[in-house]
Structures are given as structure tokens and as C-alpha cells.
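K.L.:
Before anything else, here's the structure in question.
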Amino acid sequence: MLCPWRTADLGLLLILTIFLVAEMEPHCIAQTDLKLLPGSSDPSTLASQSGRITASSSSNGDGKQIEQNSSMPLSEVNTSLSAVIDTSAVLHCPRTLTEVVLARWEIILRDKPLCTKAYRSDTNETKDTNCTDDRITWASSPSQNPDLHIAPVAITHDGNYRCMTVSPDGNFNHEYHLQVLVAPEASLFLSRNRAAVCRAVAGKPAAHISWTPEGGACVTEQERWGNGTVTVQSTCHWEGPDVTTVTCSVSHLTGNRSLFIELLPG
Ligand SMILES: *[C@@H]1O[C@H](CO)[C@@H](O)[C@H](O)[C@H]1NC(C)=O
Ligand SMILES: *[C@@H]1O[C@H](CO)[C@@H](O)[C@H](O)[C@H]1NC(C)=O
Ligand SMILES: *[C@@H]1O[C@H](CO)[C@@H](O)[C@H](O)[C@H]1NC(C)=O
Ligand SMILES: *[C@@H]1O[C@H](CO)[C@@H](O)[C@H](O)[C@H]1NC(C)=O
């Protein structure tokens, strides 16, 4: 069976073959005899290394071996990203100067098998493996744009997203660490003995609570929920009658809030 990229540049061919081994065209590997140099152990990890590969192609008629050191120009970018729950997020694939031959997303979420979404331009084909979350899709037709779209964002979308693109000008990787944010519900109320209680319920990550005026005797507690959110509660007591109004500031990546309350006299 003929592989469509048979005549392509050998370096690119190898990269493509490696990319696609488990992905789409398992028989293609048989047509190119890959010999990995020591150190570049596993073809499936090759895409993430600036590995050197030696190719001996058995497909050129005279049986001559082609030795090629293709130090693949890999551009690696790592980005930390946050997205607020129930919004939508777009993760960009690296842009290449020439047309993308292959684009592949690897999505690693907690307690889920590795999900991959791949697109190859020669056949204009897409393929998903182990992807069960229909909130994660291609942002548009991947032939135009291989970006990833997540909508609506949920807590379970915390994780790592890696886009790999192959194009004639090289391989590009962009890895995102996505943190999903949940705004805490803030409240402030009075408790016994002129104590004030400030609560930031089910925020992700945990909110930070501070008080004005400072100098109260405070106890802060945290409670973690199974869904990854945290409730923070701070209870403060001020000695003396001169403190009449107190302000609780709840700081969070999704935005800050200030609440104030009057302390009861005596
Ligand atoms: C699909 O998930 C299984 C584990 O459930 C994993 O072993 C396998 O490698 C995954 N397939 C791909 C192509 O990622
Ligand atoms: C690729 O397929 C999509 C739909 O599957 C289509 O909209 C698009 O026009 C096709 N692109 C090319 C270049 O054939
Ligand atoms: C997380 O769990 C807590 C406690 O059960 C709940 O109050 C909160 O609404 C949950 N948050 C989300 C975003 O699911
Ligand atoms: C929220 O508060 C924190 C610390 O109190 C501060 O560093 C941050 O700049 C504030 N953010 C906004 C958006 O005001």
C-alpha cells in the first residue's frame, strides 16, 4: 500500500511516519526502516525531543542506504493558562509559515485516558482517539485553523494540552497547562462576642482573606471539596470598643471583593 507522502522530503517523511504510527496508518511504518540512535529511545516520544534520527530507506531501488542526520528543528513552548468556569477557551496551535501537514492535540486530564485529536491535510481527515468530552472540539475546520475550543469550561478540564504541528518548515510543540478558576462566593456576618466571620465558599484556587483594620485576633480555616474547590473562612475578634466597622477583602484570581460590616457595641 502506498503512503501518500512517499515522495516527500525524507526528514519530513520520517517525522510524519513517527507521528502517525499509532495514529492513522500503521502500515506506513513498514515502508520506512527507522533506526533510532541510542538516546532517542521511543518513537512515540521522539516528537518531544530534538532527537537525531538515522534513516535507512529500503525503498530506493539500488539498495543504497541514505544516512541522514535530521536534527529536527523543534520549537517548544510551554504556557500556563487559566480559564474561568462556564466560559469558553481557545488554545492556539503554533503558527507555521507554510501549510500544516499534520496537527495533533494530546489532552491529558485527571482520571481520563490520553485523548488525541489529529488532523492530516493530505486527506483532509480528522481522527479522535479516547476523546469522550464533546465540550472539547476543533475551534473551526482544522484545515483552516488547528486551534482547540473548550466550551463551556468545566473543573474537569484542568490539565495539560499539547499541540504538535508538522509542516515543511519544521515541527512545533506548544504545551498548555490549563487551570480552571472558580470564583468563590463571598459573605460576611457577625458571630458571638463581636466576632466577624468572612467566608469565601468553593473557590478555585483558594481565595485569600484579609481584614481592615489589621490587628484583630483571627482564625482562618480551609475546607477542600472533592471537586477541587476550597472554602476559606476567617473569623476575627477585635479587642476594645474603638473598632466599629471592619472590612473583609477576598482576593481571588477571578477578581477581588470587599465586604464591610458594623460591629455591635459592647
Ligand atoms: C486510549 O486510552 C488507553 C487507556 O484507557 C491508553 O492505554 C491508550 O494509549 C489510549 N490511546 C491513545 C491513542 O492515546
Ligand atoms: C476539508 O473537510 C472539511 C469538512 O470535512 C471541508 O469543510 C473543507 O472544505 C475541506 N478542506 C479541503 C481543503 O478540502
Ligand atoms: C464543588 O463542591 C462544593 C461542595 O459540594 C459545591 O458547593 C460547589 O458548588 C461545587 N462547585 C462546582 C463548580 O461544582
Ligand atoms: C486583588 O488583590 C490582590 C492582593 O490583595 C492584588 O495583588 C491584586 O492585584 C488584586 N487584583 C485586582 C484585579 O484588583
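Per-residue answers, yes or no, for (1) in the same structural domain as GLU175 (by TED's automatic domain parsing); (2) part of a strand (DSSP E or B); (3) more than 16 Å from ligand 3 (Cβ to nearest atom):
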{"site": "ALA83", "(1), (2), (3)": "yes, yes, no"}
{"site": "THR98", "(1), (2), (3)": "yes, no, yes"}
{"site": "TRP105", "(1), (2), (3)": "yes, yes, yes"}
{"site": "ASN145", "(1), (2), (3)": "yes, no, yes"}
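K.L.:
Shifting gears a bit: Looking only at residues that are closer than 19 Å to VAL166 by Cβ and open to solvent by less than 40 Å² (accessible area, probe 1.4 Å) in segment 110-133, which one is nearest to ligand 4 (Cβ to nearest atom)?
P.N.:
Within segment 110-133, the match that is nearest to ligand 4 (Cβ to nearest atom) is LYS117.
K.L.:
Going through ILE136, ILE107 one at a time, which residue ends up being over 22 Å from GLU76 (Cβ atoms) and buried (at least 19 other Cβ atoms within 10 Å of the Cβ)?
P.N.:
ILE136
K.L.:
Please name all residue pairs, on different chains or six or more residues apart, with Cβ atoms under 7 Å, provided the first residue is in segment 201-227 and is open to solvent by 50 Å² or more (accessible area, probe 1.4 Å) and the second residue is of a type outside the set (D, E, K, R) and not in a strand (DSSP E or B).
P.N.:
VAL201/PRO184; GLN222/ALA206; ASN227/ILE155
The values are calculated or read from the model by the stated rules, or taken from the named source; none is laboratory data. Everything quoted here is computed from the prediction, not taken from an experiment. Cβ coordinates were reconstructed from backbone atoms using ideal geometry, including for glycine residues, and neighbour counts include every protein chain displayed. Quick note on the areas: whole protein, heavy atoms, side chains included, nothing else; ligands and nucleic acids left out. Shrake-Rupley method; radii C 1.70, N 1.55, O 1.52, S 1.80 Å.
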